[in-house]
1. From the set of residues in the stretch 224-255 that are in contact (Cβ under 8 Å) with a residue 60 or more places away in the chain and surrounded by fewer than 19 Cβ atoms within 10 Å (Cβ to Cβ), which is nearest to residue 163 (Cα to Cα)?
2. Quick one: is residue 173 of a type outside the set (Phe, Trp, Tyr), in contact with a helix residue (DSSP H, G or I) (Cβ under 9 Å, 6 or more places away or on another chain), surrounded by fewer than 18 Cβ atoms within 10 Å (Cβ to Cβ) and farther than 20 Å from residue 96 by Cβ?
3. Say we look at the stretch 114-137 and pick out the residues that are part of a strand (DSSP E or B) and open to solvent by less than 70 Å² (accessible area, probe 1.4 Å); which of these is farthest from residue 155 (Cα to Cα)?
4. Of (1) in a helix (DSSP H, G or I); (2) crowded, with 23+ Cβ neighbours inside 10 Å; (3) modelled with pLDDT of 95 or more, residue 90 satisfies all except one. Which?
5. Taking the stated definitions as given, is residue 146 free of Cβ contacts under 8 Å to residues at least 60 places away in the same chain and either outside any helix (DSSP H, G or I) or not polar (S, T, N, Q) (or both)?
6. Would you point out the residue of the stretch 1-54, among those that are touching a helix residue (DSSP H, G or I) at 6+ places or on another chain (Cβ under 6 Å) and among the aromatic types (Phe, Trp, Tyr), that is surrounded by the fewest Cβ atoms within 10 Å (Cβ to Cβ)?
7. With respect to residue 153, is the statement that it is surrounded by fewer than 18 Cβ atoms within 10 Å (Cβ to Cβ) and closer than 26 Å to residue 120 by Cβ true?
8. What number goes with the only condition from (1) modelled with pLDDT under 95; (2) part of a loop (DSSP other than H, G, I, E, B); (3) within 23 Å of residue 49 (Cα to Cα) that residue 161 does not pass?
Amino acid sequence: MSLAAALRHDLSERAGKFALAEALPHSLSYGETPVVCFPPGKNSARHGNFLRGSYRAIQANPAWRKRLEKVHTRDGRSLPPAECRRWKELDSCTSSDALLMNIFCHPSVLRDGRVAALLGFEPGMSPCFGYKARVPIANGRFDRTEVDLRLGNLLVEAKLTENDFQSATKKVLLTYRDFSQVFDLQQLPQTGDRYLSYQLLRNVLAAHALQCSFCVLVDARRPDLADAWYAVVSCVQPVELRTKMKISTWQEVAQLAPPTLRAFLAAKYGIGLPANRSLLET
């Protein structure tokens, strides 16, 4: 079993136990390894995939709330019909975007400077999820690359159970204006006609164009993703840009989270210390 598959299995088991313990409505996807999906509560005050405090903050912010409406790519194929709505991507217990919002929409995380110091952004910054970066193309146009999170001058790519960072043909990547300047093309991870870790390459180019820092957030149980990141960073040629590249884990962030969030992450995701308090607390 691959590391990605093993983590998906573990997260689904934990989510199932969490749903039963908290009496949360949920459904299982079809297939050999079912994934737990949570619908929102009927009064919209609770969503099983989110901690109450984070979910309240999301509902109060129109831009964040809109992020919840992304339709699940397997809705109607791998998931049973949902009541009164379509399944959304952030309903899934394996959604890295849901995990990202659970943490960075939590009011205490934004007020407390410890996570900001760890990742390198100014405390008090308002998160922008699904930020549309403008990465220059050689023809004078721009690629509207979507970055998972922007916090001030920090761009964040979040990963959880995704298999890898995807790949793209060399022909496509060579159309980016700064590609040959930013990367050592001979050393980049590649196959015959494709460059690997396409998402990382685009985000590094976005950070270069915007003069931002860039951080990849991965699970400590996914050393394969960390290895892919280091393989790309070693090929970044401008020294100043390379110093702005960083990687952190959900586990490191969880250690600095407020107690209720830390307990939620431990129980639902297996991240951090064992939960020792009620998850119904706000």
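The values are calculated or read from the model by the stated rules, or taken from the named source; none is laboratory data. For clarity, every value in this text was computed on a predicted model and none was experimentally measured. With ideal geometry, Cβ positions are generated from the backbone for all residues, glycine too; neighbour counts draw on all protein chains shown. These area figures cover heavy atoms from the full protein model, side chains too; ligands, DNA and RNA do not enter into them. Shrake-Rupley method; radii C 1.70, N 1.55, O 1.52, S 1.80 Å.
1. 224
2. No, not satisfied.
3. So in the stretch 114-137, the residues part of a strand (DSSP E or B) come out as 128-137.
Okay, now just the ones that are also open to solvent by less than 70 Å² (accessible area, probe 1.4 Å), so 128-131, 133, 135-137.
Working: 128: 10, 129: 10, 130: 10, 131: 9, 133: 9, 135: 13, 136: 17, 137: 19 Å.
Step by step, filter the stretch 114-137, then rank; the result is 137.
4. Residue 90 satisfies every listed condition except (3).
5. Details: free of Cβ contacts under 8 Å to residues at least 60 places away in the same chain: yes; either outside any helix (DSSP H, G or I) or not polar (S, T, N, Q) (or both): yes.
Criteria met by residue 146.
6. Once the filter is applied, the top-ranked residue is 18.
7. Values: surrounded by fewer than 18 Cβ atoms within 10 Å (Cβ to Cβ): yes; closer than 26 Å to residue 120 by Cβ: yes.
Yes.
8. With (1) modelled with pLDDT under 95; (2) part of a loop (DSSP other than H, G, I, E, B); (3) within 23 Å of residue 49 (Cα to Cα) applied to residue 161, the lone miss is (1).
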